[in-house]
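Each remark here refers to the structure printed beneath this line.
Please treat every number below as a calculation from the coordinates, not as lab data. None of these values were measured; they are calculated from a predicted model. Note: ideal-geometry Cβ built from the backbone for every residue, glycine included; neighbour counts use all protein chains shown.
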Amino acid sequence: MSNTFHLEGSEFITLNNLLKVEGWVESGAVAKQVIDAGMVSVNGVVETRKRCKITAGQEVSFNGESITVVE
């Protein structure tokens, strides 16, 4: 399943916050754990930086779900 996340005027959203906002994880602590475990990818590449800045045009995937970030 693929969705879209709108930055709504922001320059970026951190990876851990995106996982929380989308409801893919219950808390920031769980977001950090799944990122550390290599379970999240950005543009098809595993990302282990919790506070990685996700900008418009990037696609984030986790647990069979994907989201494209737009302005």
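Structure values in brief
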| quantity | calculated |
| --- | --- |
| Shape of region 22-71, Cα gyration tensor, a/c cut at 1.5 | prolate |
| Cut-off 17 Å, label 7 Å out along Cα→Cβ of LYS53, residues of region 1-32 by amide N | 7-18 |
| Chain lengthening between LYS20 and ALA37 when straightened (0.36 nm per residue, less Cα-Cα) | 4.5 nm |
| Gap separating the Cα centres of region 46-67 and region 10-29, nearest whole Å | 9 |
| The chain: antiparallel DSSP beta bridges as a percent of all, rounded to 5 | 70 |
| Simple Cβ-charge dipole of the chain, Lys/Arg +1 and Asp/Glu -1, about Cα centre, in debye nearest 20 | 280 |
